[in-house]
Amino acid sequence: MDMQNFLSAISQLAEEKGLQHDKVFETVEHALASAYKKEYGKKGQIIKAKINPKTGVTDFWREKLVVDDTMVYIPETMELEGDIKIKEAYRPVEEEINNEEIEEEGEQNRRIKYNPERHVLIEELKNSKLKPGEEMIIPLEQKQGFGRIAAQTAKQVVLQKIREAEKENILEEYKSKEGEIVSGIVQRIEGTNVYFDIGKSLGILPKEEQIRGEFYKEGQRLKLYVLKVDTTPKGPIIILSRAYPKLISKLFELEVPEIGSNQIEIKSVAREPGSRTKIAVASMAEGVDPIGAMVGQRGVRVAAVISELGGEKIDVIEYSDDPAKFITNSLSPAKVIDVKILPKNTGLVIVPNDQLSLAIGKEGQNVRLSSRLTGWKIDVKSDEQLKDEEEELDIDEDKE
């Protein structure tokens, strides 16, 4: 074997597949052992190989498990026409058997069947320090070549092991990226699913995780949220999202360094993908304006996020521990006169009559997002509506 070329091939393969050199060596050794067994071994034998990385010499050996009669059972033998045949022990139905014999048979069934290719009885070993349960190593003769079938077997083993190692690497890498943002290029569109090239693997963007009204075309580059990584018989499947609310948080983390330095904290996000998002932020450092930092000079930071989302509107809200103030801020840009905190986590918001429609929003979107953002049930009324209700209440009381 040309060791220089061999090591070079190993290094190149490991680099191309993103695998560790040791794992590739193990794969090749496993393949060589399979080829040796195919060409020179017998069925049931355990053959292993080890490559010396300095000399390129490959050592082969067999392994046998040292056993005793408590670990295995040996079927009865009978001689038939000069040949030794294996016959399972049996007992005629009419033969009486006692409980001790039944227990002995049950114990036998729990033990594994003795295989001379895999096992060696401790009684057969002389002057050996090996104990039952340990492996006996039997060195094998080195062979320089293998037949076509054995070589093909080795090739298949290498390819299979490399594919398995690749799948494991992808699973580990992207499992650690769950909850993070990746950049992907649209590779193909199948039905309602969009497949993205995200580096070492493909990610799938299902219909329910797409932004409503967003169109995709091959070659388009987008940022995506890694929602989940599942294992399937065909390999890891990486579920991506463009609609998940935390995508907004992660996009702002890329644009706003104050978040990474813990000067600003994102408290909550409420989103209707493709339409509008409200994000609540708080300052964790004195003198830092959370809204100003999120928006950026001349709105450059928030504009970058909006652009990535295809024009989705974003309202940046200042968080407050005071529920009334937080609810007031969340209904921006509507002006609020007063907020009354009621039982059952409800807030009654009073706004000027000309601000009612703005506070509620188109099809109730503004108040709906505010409710999700704050975690409070919000009831919005105009000052005139409240006045009319109070007058009706007074009239009813007078009638009584």
Just need a number here: residues in the stretch 235-276 that are in a strand (DSSP E or B), under 28 Å from the mean Cα position of the chain (by Cα), touching a residue at least 60 places away in the same chain (Cβ under 8 Å) and within 21 Å of LEU369 (Cβ to Cβ). 5
Quick count over the stretch 170-200, residues being in contact with a Leu (Cβ under 9 Å, 6 or more places away or on another chain) and in a loop (DSSP other than H, G, I, E, B), is 3
Going through the stretch 190-237 one residue at a time, which ones are among the acidic types (Asp, Glu) and surrounded by 15 or more Cβ atoms within 10 Å (Cβ to Cβ)? ASP197, GLU209, GLU214
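Among the residues of the stretch 291-332, what is the count of those that are part of a loop (DSSP other than H, G, I, E, B), over 30 Å from ASN345 (Cβ atoms) and in contact (Cβ under 8 Å) with a residue 24 or more places away in the chain?
At the first step, the residues of the stretch 291-332 found to be part of a loop (DSSP other than H, G, I, E, B) are 296, 309-312, 319-322, 331-332.
Now narrow it down to the ones that are over 30 Å from ASN345 (Cβ atoms): 296, 309-311.
Now narrow it down to the ones that are in contact (Cβ under 8 Å) with a residue 24 or more places away in the chain: 296, 309-310.
Here the count works out to 3.
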Number of the condition not met by GLU63 [criteria: (1) open to solvent by 20 Å² or more (accessible area, probe 1.4 Å); (2) within 29 Å of LYS129 (Cβ to Cβ); (3) of a type outside the set (Phe, Trp, Tyr); (4) in a loop (DSSP other than H, G, I, E, B)]: (4)
The one condition VAL288 fails out of (1) assigned to a loop (DSSP other than H, G, I, E, B); (2) open to solvent by 60 Å² or more (accessible area, probe 1.4 Å); (3) at negative phi is (2)
Residue in the stretch 39-60 that is modelled with the highest pLDDT, counting only those that are over 37 Å from the mean Cα position of the chain (by Cα), surrounded by 13 or more Cβ atoms within 10 Å (Cβ to Cβ) and farther than 21 Å from VAL24 by Cβ: GLN45
Neighbours by Cβ (under 8 Å, 6+ apart or cross-chain): first from the stretch 14-43, in contact (Cβ under 8 Å) with a residue 24 or more places away in the chain and part of a helix (DSSP H, G or I); second of a type in the set (Phe, Trp, Tyr) and open to solvent by 20 Å² or more (accessible area, probe 1.4 Å): ALA35/PHE146; TYR36/PHE146; LYS38/PHE146; GLU39/PHE146
It is to be established whether one or more residues within the stretch 323-342 are within 21 Å of PRO290 (Cα to Cα), open to solvent by less than 20 Å² (accessible area, probe 1.4 Å) and hydroxyl-bearing (Ser, Thr, Tyr). yes
All positions within the stretch 355-384 that are open to solvent by 80 Å² or more (accessible area, probe 1.4 Å) and modelled with pLDDT under 90: GLU384
With respect to PRO116, is the statement that it is more than 42 Å from the chain's Cα centre (by Cα), open to solvent by less than 80 Å² (accessible area, probe 1.4 Å), under 30 Å from LYS50 (Cβ atoms) and at pLDDT 65 or above true? yes
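The values are calculated or read from the model by the stated rules, or taken from the named source; none is laboratory data. Being a predicted model, the structure only gives us computed values, none of them experimental. All Cβ positions, glycine included, derive from the backbone under ideal geometry; neighbour counts span all protein chains shown. For the accessible areas, the whole protein counts, side chains as well, though only heavy atoms, and no ligand, DNA or RNA atoms are used. Shrake-Rupley method; radii C 1.70, N 1.55, O 1.52, S 1.80 Å.
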